[in-house]
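Read through the structure below, which is laid out as structure tokens, and then see the notes.
The values are calculated or read from the model by the stated rules, or taken from the named source; none is laboratory data. This is a predicted model, so every value here is computed, not measured. Cβ coordinates were reconstructed from backbone atoms using ideal geometry, including for glycine residues, and neighbour counts include every protein chain displayed.
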Amino acid sequence: MLKEIKVVDEKKGIARVTTVDERWYFKTIMNPETGLPETKFFPSSTWIISCYPKGKWLAEWREEVGKEEADRVKKAAGSRGSKVHYACEDIDRGRLFLYLQ
């Protein structure tokens, strides 16, 4: 695989590009100052972290709880992380009131 480009969220207009050693997400938005479309690229944090060495404890824990439970915990943690990420993004964009109601 040299490069894969895939739409991952059609509703939000988010696509992903994956090469041998990198993964990026991108979205085309309208620049509020110029009124012209521009493409914003964001590195995949999960791709970056996958290159970081995991400790021996992680393999031991996965073996202890089993693959299904480990995958369930990973998915739940990912969901929480995504919610925090989106909340921080909203706050950065001045949409704090959504979380104060």
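Summary table below
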quantity: Cβ-Cβ under 6 Å pairs, at least 6 apart or on other chains, the range 1-30 side modelled with pLDDT of 90 or more, far side among the polar types (S, T, N, Q) and surrounded by fewer than 11 Cβ atoms within 10 Å (Cβ to Cβ); calculated: Phe26/Thr39; Thr28/Thr39
quantity: Selection from the range 31-50 of residues that are farther than 21 Å from His85 by Cα and either loosely packed, with under 10 Cβ neighbours inside 10 Å or in contact with a Ser or Thr (Cβ under 6 Å, 6 or more places away or on another chain) (or both); calculated: Pro32, Glu33, Thr34, Gly35, Leu36, Pro37
quantity: Some residue of the range 81-98 being acidic (Asp, Glu) and modelled with pLDDT of 90 or more; calculated: no
quantity: Residue identified as exposed (fewer than 10 other Cβ atoms within 10 Å of the Cβ) and in a helix (DSSP H, G or I) among Glu68, Glu89; calculated: Glu68
quantity: Positions within the range 40-80 being modelled with pLDDT under 85 and in contact with a strand residue (DSSP E or B) (Cβ under 7 Å, 6 or more places away or on another chain), in sequence order; calculated: Trp47
